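Below you will find the structure I want to go over with you.
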Amino acid sequence: MSLLVVGLSHRSAPVSILERAALAPDSRGKLLQDVVSAEPAAESAVLSTCNRIELYADVDKFHAGVAELSTLLAQHSGVSLDELTPYLYVHYEDRAVHHLLSVACGLDSMVVGEGQILGQIKDALALAQDQHTAGRLLNDLFQQALRVGKRAHSETGIDKAGQSLVTFGLEQLAGAAGGHDAHCVLTDDAVPDATAPLGAPGVDAWARGKRALVIGAGSMSSLAAATLARAGVTELAVANRTLERAERLTEILTEPGSPGRANGLTARAVPMSEVPAELAAADIAISCTGATGLVLTGEAVAAAAKGREDRELALLDLAMPRDIDGAAHRIAGVHLVDIESLADASADAPMASDVDQVRTIVSEEVAAFGAAQRAATITPTVVALRTMAADVVAAEIARLDGRLPDLDDKQRAEINQTVRRVVDKLLHAPTVRVKQLASEPGGAGYADALTKLFDLDPQTVAAVSRADTRADRHDTAREQRS
């Protein structure tokens, strides 16, 4: 089996296509089940964010796998295959591993170095585990991606090369406003990260002393709320479909020791029905919900923009598909930044020298992952070989007991230990060496050679492999809970 990735992102497709192809949360599980039900695939995982949709699978046929995954992406996204195909990219085996590790490090993000992708990769793995579509390969791959992403952020200055979409979007708004006063509306459904990066100096000066409205209480909007709380907004209203989640977010933002409490932030939860009134009082609206339709229509924005005199209404739409009507671009006194304009702005963002260091880390980790996977293919065969050897020893000791019944327990134990030691020494060097050889490129054939040389039972080897896979899943689930 081999790793295959089929997907599209902000680098390969226009926002209009990404917006239409966005997968609803409740459709992702069905997509995973459909993938593993298809003949070429044994495992599946989907990474779906505001600027990428990628389907990962362990397949036994490359061309059939590409065709099947492309078809399923089209079916579940609602975009026809003919329309979707020109924007799809395909990565296979080591290139697929390289791609995911690069994504995890933020090298393929719209804003280079942003760290939110790690949470999205973790969510993708959790969904695949919940749907029982992640086997050994995808469990190992996604766990490795999470480790490599954390390593890149801890060992390099990749964070300096970019920042979260929230901060980047706020910087675009602050720069366009030239430091004028602003209020804030934020939209989506999570808990703000206490380590969320501070806004740039321009954002701090722009947001300080203003009010904010957050529609939704998720990861992106929570991060935006936390960033604004640190920047010094004085009022923040949170609207969400589930009012309890909005209340929880406002509690966290103003709890003792929080930046919001230190800056005198007043935060309150409001029902969705109050969004028009809150928008009319706001200077900034940031939206990132999972809604399938518009959250803020052109008419709603136009109504909120009336009677503002010199106050502009700044809108930041981080949702895919979009939450804010694109018609807001044409409304006087309104400035809208969305995923499309962020993509244009990020194309000119400077690249830090740390990016090269991260690329080196990715290359090293891809090689290490490949070696580990190749070595893992020989392990069930080696275990089966040692099991067979142990069975032979046990049979010979039993026969010796029949021939020499007068041996006492001490003599019998000494003979048993001696025979086992001889077998272990004979097998040690070959098994160590075969693992080393199997980890090298082209080493996949050593498992078959070992099986044939020692006439091992293929069913025994397969049984060991299945047992290892179940153990891996158990260990991974335990890691996720811890």
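The values are calculated or read from the model by the stated rules, or taken from the named source; none is laboratory data. The structure presented is a predicted model; accordingly, all values stated were derived computationally and were not measured. Positions of Cβ are generated from backbone atoms using ideal geometry, with glycine treated the same way; all protein chains shown enter the neighbour counts. Heads up: the accessible areas ignore ligands, DNA and RNA and are worked out on the full protein's heavy atoms, side chains in. Shrake-Rupley method; radii C 1.70, N 1.55, O 1.52, S 1.80 Å.
Have a look at Ser48, Ser44 and point out the one that is small (Gly, Ala, Ser) and at pLDDT 95 or above.
Values: Ser48 fails: at pLDDT 95 or above.
The conditions single out Ser44.
Say we look at the stretch 268-289 and pick out the residues that are small (Gly, Ala, Ser) and surrounded by fewer than 18 Cβ atoms within 10 Å (Cβ to Cβ); which of these is farthest from Ala207 (Cα to Cα)?
Of the residues in the stretch 268-289, the ones small (Gly, Ala, Ser) are 269, 273, 277, 280-282, 285, 287.
Filter once more, keeping what is surrounded by fewer than 18 Cβ atoms within 10 Å (Cβ to Cβ): 273, 277, 280-281.
On the way: Ser273: 25, Ala277: 20, Ala280: 17, Ala281: 15 Å.
The residue in question is Ser273.
Scanning for something open to solvent by 10 Å² or more (accessible area, probe 1.4 Å) and β-branched (Val, Ile, Thr), does the stretch 33-42 turn up at least one residue?
yes
Another question about this same structure. Find the residue count for the stretch 81-118, including only residues that are more than 30 Å from Ala371 (Cα to Cα) and touching a helix residue (DSSP H, G or I) at 6+ places or on another chain (Cβ under 6 Å). Step through it out loud before you land on a result.
If we filter the stretch 81-118 for residues that are more than 30 Å from Ala371 (Cα to Cα), which is where we start, we get 81-87, 110-111.
Right, trim to touching a helix residue (DSSP H, G or I) at 6+ places or on another chain (Cβ under 6 Å) and you get 81, 84, 87, 110-111.
The number of residues fulfilling the criteria is 5.
Among the residues of the stretch 299-342, write down those that are part of a helix (DSSP H, G or I), within 24 Å of Leu8 (Cβ to Cβ) and open to solvent by less than 30 Å² (accessible area, probe 1.4 Å).
Here is the first cut: in the stretch 299-342, the residues part of a helix (DSSP H, G or I) are 299-305, 326-330, 339-342.
Adding the requirement that they be within 24 Å of Leu8 (Cβ to Cβ) leaves 326, 339-342.
Hits for the stretch 299-342 are Gly326, Ile339, Leu342.
Report yes if Ser154 is at pLDDT below 95 and out of contact with any helix residue (DSSP H, G or I) (no Cβ under 9 Å at 6 or more places or on another chain), otherwise no. Let's see the steps before the verdict.
Details: at pLDDT below 95: yes; out of contact with any helix residue (DSSP H, G or I) (no Cβ under 9 Å at 6 or more places or on another chain): yes.
Answer is yes for this residue.
In this structure, does Thr360 turn out to be within 30 Å of Leu137 (Cβ to Cβ), out of contact with any Ser or Thr (no Cβ under 7 Å at 6 or more places or on another chain), of a type in the set (S, T, N, Q) and modelled with pLDDT of 85 or more? Don't jump to the end; show me each part of the working.
Values: within 30 Å of Leu137 (Cβ to Cβ): yes; out of contact with any Ser or Thr (no Cβ under 7 Å at 6 or more places or on another chain): yes; of a type in the set (S, T, N, Q): yes; modelled with pLDDT of 85 or more: yes.
The answer is yes for Thr360.
Mind checking which residues of the stretch 251-267 are farther than 14 Å from Lys210 by Cα and surrounded by 15 or more Cβ atoms within 10 Å (Cβ to Cβ)?
Ile252, Leu253, Thr254, Ser258, Pro259
Within the stretch 59-71, track down each residue that is open to solvent by 10 Å² or more (accessible area, probe 1.4 Å) and under 23 Å from the mean Cα position of the chain (by Cα).
Start the filter on the stretch 59-71 by keeping residues that are open to solvent by 10 Å² or more (accessible area, probe 1.4 Å), which leaves 60-64, 66-68, 70-71.
Within the stretch 59-71, Val66, Glu68, Ser70, Thr71 meet the criteria.
For the stretch 101-129, which residues satisfy the criterion of being touching a strand residue (DSSP E or B) at 6+ places or on another chain (Cβ under 6 Å) and open to solvent by 10 Å² or more (accessible area, probe 1.4 Å)?
Taking the stretch 101-129 as the starting set, the residues that turn out to be touching a strand residue (DSSP E or B) at 6+ places or on another chain (Cβ under 6 Å) are 120, 124, 128.
Selection gives Gln120 alone.
May I pose another question? All but one of (1) exposed (fewer than 15 other Cβ atoms within 10 Å of the Cβ); (2) in a helix (DSSP H, G or I) hold for Leu400; which doesn't?
Condition (1) is where Leu400 drops out.
Right, something else. Quick check on this structure: which one of Leu223, Leu228 is in contact with an Asp or Glu (Cβ under 8 Å, 6 or more places away or on another chain), within 21 Å of Glu171 (Cβ to Cβ) and not in a loop (DSSP other than H, G, I, E, B)?
On the way: Leu228 fails: in contact with an Asp or Glu (Cβ under 8 Å, 6 or more places away or on another chain).
After ruling out the rest, the residue left standing is Leu223.
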